[in-house]
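To start, the structure under review is shown below, and the notes come after it.
Just so it is clear, none of the values below were taken in a lab; they were calculated from the coordinates. All of these numbers come straight from a predicted model, not from anything done at the bench.
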């Protein structure tokens, strides 16, 4: 009897903590209702700068997003990650570091907005952030009002120092708080996939949810941060984790394989091109994590390839998946609006390999003649019937758009 009562109480706790529009989707008038209909695109400070954030650096990055052509390519959000906050004042309002952000967060958000961009910030569902700064636990509605008054457009909400909290209820509470503040704010659930947020993230109003531990700037390999404290992952390990959960992504709610490492120096240009190609095929948020003020031409060309970005931003909103594998060679495909397919021929190995995508693996009839365009060479390859083949470099991809 006691067990049954606990179950009933837990059920009603979740029901009451869920956003009102999730309880009655037909009356979805929340400010967040139409957000992130395609995967968010922007930049975040953490991968390159960690805690070394400041007002001047963020302004410089926003300027660079415009001058580099990234804004024109579709990037919108400039997001400060952890370490911008230092304390709470006597009224428990969150306080930005006055040394690093002397003009305050609102002035910084106004500057970002003046460039035609959107502004994002970071907090944590626990008592402290991952870097030990004040977290949001117990201050959700107060913080949401503050963020709205500052002009925040995007909130990354982490999961450190949460002890016994229920992830679903905690994130539902934060979404309710943001919507109550009256400003449309994208909510990024950074729960690392521990509680399988793809199963419930959409229902609690999450616009994207992390599916794994943190990415690091390497091709492959899982590493513990310290004994018993899991984990960081290479690009290939994260790609593998995304395959089985492709069906949970869609307009307004996306699987998030973490921010991009393109340009941070730990991989080759070929590997970075593969990294970016897969994030596009996986309909992942494209959140750059490099120094936009100092990009070599090869990195710039990867991050601003509009044809690859168009695959990520395709309005059908389907996530791609693996459709064929033989050892180190694979074919991945993504259905596109209008009946086309984005296809990646992927070579995990060290040496060049010939890889073939068969139309039957793309849900096309074998007899169909289809046009093929190479998205990195930006070149039409003519029509093919039944299949398409190409030589693929080690750790590389050939990415094509196929259409009837």
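On the principal axes of its alpha-carbon atoms, the range 298-366 has extents of 36, 32, 17 Å, going from largest to smallest.
Value of Rg to Rh for the range 134-192, rounded to two decimals, is 0.94; Kirkwood radius and Rg both from alpha-carbon coordinates.
Averaging the sequence gap over all C-alpha pairs within less than 8 Å and six or more residues apart, then dividing by the number of residues, gives the chain a relative contact order of 13 percent. Multiplying each eigenvalue of the alpha-carbon gyration tensor of the range 80-120 by 5 and taking the square root yields semi-axes of 21, 10, 10 Å, largest first, rounded to whole angstroms. When the alpha carbon gyration tensor of the range 50-142 is reduced to an equivalent ellipsoid, its three semi-axes come out at 26, 13, 12 angstrom, largest first. Its Kirkwood hydrodynamic radius, worked out from the mean inverse distance over all distinct Cα pairs, puts the chain at 22.0 Å.
Taking the C-alpha atoms only, the angle from helix 269-281 to the longest principal axis of the chain is near 70 degrees. Residues considered: 118, 90, 378. Largest GNM mean-square fluctuation over the chain, using C-alpha springs under 10 Å, is found at 90. When the Cα atoms of the range 247-404 are aligned to their principal axes, the ranges along those axes come out at 49, 39, 28 Å in descending order.
As I understand it, the value is the acute angle between the Cα axis of helix 105-114 and the longest principal axis of the Cα atoms of the chain; what does it come to in degrees, rounded to 10? It is inclined by approximately 40 degrees. Between 166, 110, 153, the GNM of the chain built on Cα springs shorter than 10 angstrom shows 166 fluctuating the most.
Size descriptors for the range 321-403 (Cα atoms only): Rg and Dmax, in that order, 11.9, 36 Å.
Any idea what log10 I(q)/I(0) is at q = 0.11, 0.13, 0.16, 0.18 Å⁻¹ for the range 88-233, Debye with uniform C-alpha scatterers and no solvent? Debye output, listed in q order: -0.45, -0.62, -0.92, -1.12.
Most simply put, the chain has about 60% antiparallel DSSP beta bridges, counting only bridges with both residues inside it. Estimated at 0.36 nm per residue, the fully extended path between residue 371 and residue 33 surpasses their Cα-Cα distance by 118.0 nm. Entry note, the chain: the mean residue ellipticity at 222 nm calculated from DSSP H runs of n ≥ 4, each adding -39500 (n - 2.57), is -8000 deg cm²/dmol after division by the residues and rounding to the nearest 500.
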